[in-house]
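Novice: The following block contains the structure, expressed as structure tokens.
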Amino acid sequence: MSRKAPLVLYLPFDLVESFSLRRVIAAHAQTWSDGYAWLEQFELRSQERAFARQMLSRKRNVWLFRCNQRQRCGDFITVDMSDPLPAARRVNVIELKQNQPLSFGSGSDLQRSFWRRATAEIEAEHGIIDAESPVSFPGGGESEVLSHLLGTPGPVG
């Protein structure tokens, strides 16, 4: 029986050593055909893969989720786990745009229009955030967004 693809996939820290989206999907999909279909929906371009590896290797207090690219909920969602209270954990709904300056959307742009469904899925599946968690919407080039999220001045290269 085919299972509907999730809106987000948690990307574990061990992907830094061996980045295998197939392995992450295999852990969630119930059938081979589901997993195969999901590969296309969660596929990462080379710059997105580089962004994910940088986040996973440099921000150990942040959980990283890959968004389903067909569901208009962004490219990635991060959750800063520094605070013990889910309602206080900062959420970033990220939309990467190659060679663009850092900007902050409202979450109403087309690529992130269903972000609330994605964060609700994170809340339901992982219990690490709730409806009160503060949300921001950084977008732009990979290095500019990384710089913002890592708290470093200037683009990260």
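Novice: Say we look at the range 45-72 and pick out the residues that are among the hydrophobic types (A, V, I, L, M, F, W, C) and more than 21 Å from Arg117 (Cα to Cα); which of these is surrounded by the fewest Cβ atoms within 10 Å (Cβ to Cβ)?
Specialist: Ala50
Novice: Residue under question is Ala131, and the condition is that it be exposed (fewer than 13 other Cβ atoms within 10 Å of the Cβ) and at pLDDT below 95; does it hold? Show your work before the answer.
Specialist: Numbers: exposed (fewer than 13 other Cβ atoms within 10 Å of the Cβ): yes; at pLDDT below 95: yes.
So Ala131 fits the description; yes.
Novice: Now for a separate question. Return the residue satisfying two criteria in turn: it lies in the range 101-128 and is hydrophobic (A, V, I, L, M, F, W, C) and free of Cβ contacts under 8 Å to residues at least 12 places away in the same chain, and of such residues it is surrounded by the fewest Cβ atoms within 10 Å (Cβ to Cβ).
Specialist: The qualifying residue surrounded by the fewest Cβ atoms within 10 Å (Cβ to Cβ) is Ala124.
Novice: Continuing with the same structure: Based on this model, can you work out whether Leu15 counts as farther than 15 Å from Ile122 by Cβ, at pLDDT below 90, surrounded by 18 or more Cβ atoms within 10 Å (Cβ to Cβ) and touching a helix residue (DSSP H, G or I) at 6+ places or on another chain (Cβ under 8 Å)?
Specialist: yes
Novice: Taking the stated definitions as given, is Gly35 surrounded by 14 or more Cβ atoms within 10 Å (Cβ to Cβ), touching a strand residue (DSSP E or B) at 6+ places or on another chain (Cβ under 7 Å) and over 19 Å from Gly151 (Cα atoms)?
Specialist: no
The values are calculated or read from the model by the stated rules, or taken from the named source; none is laboratory data. As the structure is a computational prediction, the values presented were derived from the model and not from experiment. For neighbour counting, all protein chains shown are included, and Cβ atoms are generated from backbone atoms with ideal geometry for every residue, glycine included.
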